[in-house]
Structures are given as structure tokens and as C-alpha cells.
Amino acid sequence: MNSAEWKEKLLSIRKGFFDSAVKSNASNINAFETEYLGRKGFLTLLLRDLKDFSLEEKKLLGHLGNTLKSEIANKLSELKNKFGSVSSPSGIKNDFDLTLPAYPYSKGSLHPITQTINKITEIFLKLGFSVAEGPFIENEYYNFEALNIPEDHSSRDMHDTFYSDIKDSKNKDLLLRTHTSPVQIRTMEKLKPPLRIISPGRVFRRDAIDASHSFVFYQIEGFYVDRNVSMADLKWTLETFIKELFGEKAKLRFRPSYFPFVEPGAEVDMSCVFCPPIGNDKKGKCPVCKDTGWIEVLGAGVIHPKVLKSCGYDSDKWSGFAFGAGIERFAMLLFGIKDMRVLYENDLRILKQL
Ligand code: PHE
């Protein structure tokens, strides 16, 4: 090949490139590039032929060849920019358009139980209470004895307890706590009165699962110890709490009841905030209170002097009230859930609505 033929070839490569360039698109641009500038591309091979030319010719033709090479490279990058995309050699298209909005991804949200605990906690924080926690694995002293429930006391039957075979270092039976009341003892042992504490958390009982029972559930304990604390303080505190949670219309009713760690003790009902029944036009068929007008929400009372004494408090000087409520019941009322199992099954279709 002489230099004239070489130049002619160069021109035809140039023509070939620019003629085909108009037909290029996002998916063939890489192949097109390889065809001309690749290791065995037209232009690469032609430049390689220069080795047989004289030094003078090499200089001249080389300059022409390199000029075309950069011309082609510029055009290619211009085309790539235009397509805004690059196809990989495997033919898989990678489209990157940074101006497009991102794919929406679903955000998590707090579980209804957590939301309920947060709401209740917020109310009590405003009333000057602090939050304390206690262990799930308790011993019988904290869960029962210190709360005035001695061994063989019939009220232990009220708590279907998960016992362990293991004893702790004080030779006390270990068990899963059946209520949050042991936190009263643990806190009073550590801190001096006056005290205002709430303690939400999991508790465990050997219950079969149904629409309103589970073997793991949540309670919130509250207690207040100071001078001259009475049933009246308890009533005011609980009424304020329930109105904050369910609105001004909510009322409370106290029924005498027995818990060994309080005296007097009461079970507390809330007026049914769903009467007349929502979504049920047949009069007198409230699915929530079964037409009684009341919903049982918690147990409460004035802390028994024996309990204060077992924590080293002088019960002549100090008195207190305590209450314990199931959190699921509040969550169900707040979110309109009829079956408690919904709260544990983690069905995202349901949880996403709450
Ligand atoms: N611990 C009791 C229960 O689980 C509730 C309660 C707490 C009652 C505090 C009175 C005072 O049933």
C-alpha cells in the first residue's frame, strides 16, 4: 500500500464512520465504537499499517490518522451524551437518568403497641412521672413476696406463672414476671421517696391465646409515693390520664377489688367511648362494651403498708398509690382492633393501616 492508497482508505473510514453515526443509538453505540477504535477496529488496523512506511510518511500520515481518531472519539462521546445512556458489551442497558425521581420505598412505622406506650408515657411525663424498667426474668421475691403475696397464698393462682427450674443466688425461684408490679419494689429499693414512676413492659402468663388473651402481653405500672397520698390522688391522676387519652367525655368508675399489694384496692372501668356504637345502626348493640356502658381498663389502689416496709420505707411517714393496666386493651380501643392477635401476627397488610 502506498501513501495515496492509505489516505484514500482513511477517507473511506471517515465517511463510513460519519455515515453510520446517524444510525447509532443507545444500544449499539458501544459496538460502534469497538468497530472503529477497538483493538481490531478499522482505524486501529490502518494506523498499524504505518509501520511499513518511511519515517517522513509515518509523521504525515500518522498526524492525519490521529486527527481522525480524535474526531471519531469526540463524536462518540457527543453521541453517548445525547443518548444519556451506555449499553454494556453484554447488551444489558444501564439507564442512568439522575433527574428522574427515585423509586418510592416503603418506610417503616411504629407498631401500634409502641405507639400506645408512647402516648401513655407522654401523658404521664407531663404529670411529672419518670420511666423505670425491670427485668422480664424475675424471682419470686420481687414478683410475689415483696408484694405481699406469700407462698401458698391463694392469690398466686390468679397469676398462671411460667416457673423455671433454676434458682437465683438467693435461692429464690426464677420465673417470668406475671405483672409489672415488681418494678415498684425494685425502684423503691433503689430510690428514696417522693417518687412518681411509670413502667411499661412485657409480662408473661400461662394463658391460651384467643381474641383477648396471650401468654405474652404488655402492662404499664404506675405508682406515686409521697406524704399523704390518698385514693383521691389516685382518682384524679387516672381521670386526668384517661381524658387525655380518650377525650373529655371519658369517665371512670371504681369498683372495690382485691390485690394483696394495695389496700383499698379497686378495679377501674372506663365509660364506653364507642356508645352509641360506631358503624352499627341497630340501637343497643355495642360490640365493645356489650351494652354495659363500661370497659374494664385497670387495677389500682393505695399501696399496702407492708409493701412500703419491705422496701425499707417508713409507712407512717409515706403513703402511695399504684395502678397496673394492660396496654393491648388501650391499643385495641385507640386503633379500633377487635382481635388482640392482630397485634402479634405482624401482618404488614394490617400494620400498614395503623
Ligand atoms: N399487678 C396487677 C395485675 O397484674 C395490677 C395492679 C397493679 C393492681 C397495681 C393494683 C395496683 O393484675
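The values are calculated or read from the model by the stated rules, or taken from the named source; none is laboratory data. The shown structure was predicted, so the numbers you read here are calculated from the model rather than taken from an experiment. Don't worry about glycine lacking a Cβ; one is built from the backbone with ideal geometry, like all the others, and counts go over all protein chains shown. Protein only, heavy atoms only, side chains kept; ligands, DNA and RNA dropped before computing areas. Shrake-Rupley method; radii C 1.70, N 1.55, O 1.52, S 1.80 Å.
Where the accessible area of the chain is counted over protein heavy atoms with a 1.4 Å probe, how much of it, in %, is carbon and sulfur? Summing carbon and sulfur atoms, their accessible area is 53 percent of the total for the chain. Take the chain, drop everything but the C-alpha atoms, weight them equally and run the Debye formula without solvent; then report log10 I(q)/I(0) at 0.09 Å⁻¹ to two decimals. Summing over Cα pairs of the chain leads to -0.61. For the chain, the relative contact order works out to 14 percent when only alpha carbon pairs closer than 8 Å and six or more residues apart are counted. Axis angle, to the nearest 10 degrees, between helix 55-83 and the longest C-alpha principal axis of the chain: 40 degrees. Relative to its residue count, region 3-94 spans a Cα convex hull of 76 Å³ per residue.
Find the accessible area per residue for the chain; the probe is 1.4 Å, ligands and nucleic acids are left out, and the unit is Å².
58 Å²
Each residue of region 248-263 was assigned a 3J(HN,Hα) from its phi angle through the Karplus expression (A = 6.51, B = -1.76, C = 1.60, θ = phi - 60°), giving 4, 6, 5, 10, 10, 10, 9, 10, x, 8, 10, 9, x, 8, 9, 7 Hz with x at Gly and Pro. Highest-first packing order for the peptide set 97-107, 54-64, 285-295, 302-312 is 302-312, 285-295, 54-64, 97-107, based on the mean count of other beta carbon atoms within 10 Å. Each residue of region 152-164 was assigned a 3J(HN,Hα) from its phi angle through the Karplus curve 6.51 cos²θ - 1.76 cosθ + 1.60 (θ = phi - 60°); the sequence is 6, 6, 4, 5, 5, 5, 5, 9, 6, 8, 8, 8, 10 Hz, with glycine and proline shown as x.
Across ARG253, ARG14, ARG156, mean-square fluctuation computed from a Gaussian network of the chain (C-alpha pairs under 10 Å connected) peaks at ARG14. Of the listed residues TRP236, TRP318, TRP6, the order by accessible area with a 1.4 Å probe, largest first, is TRP236, TRP318, TRP6.
Legend: distances between Cα atoms for LYS7/LYS75; LYS251/LYS352; LYS23/LYS59; LYS192/LYS243; LYS119/LYS317; pairs beyond 27 Å are LYS251/LYS352; LYS23/LYS59; LYS192/LYS243; LYS119/LYS317.
3J(HN,Hα) along region 109-115, derived from phi through the Karplus expression 6.51 cos²θ - 1.76 cosθ + 1.60 where θ = phi - 60°, amounts to 9, 6, 4, x, 5, 4, 4 Hz, with x in place of Gly and Pro. Cross-link reach is defined here as a Cα-Cα straight distance under 16 Å, omitting same-chain residues fewer than 8 places apart; for LYS235 the aspartates and glutamates meeting it are GLU221, ASP226, GLU244, GLU248, GLU263, GLU267, ASP269, GLU296. Per residue of the chain, what 222 nm ellipticity follows from adding -39500 (n - 2.57) for every DSSP H run with n ≥ 4, rounded to the nearest 500? Calculated at 222 nm, the ellipticity per residue is -11000 deg cm²/dmol.
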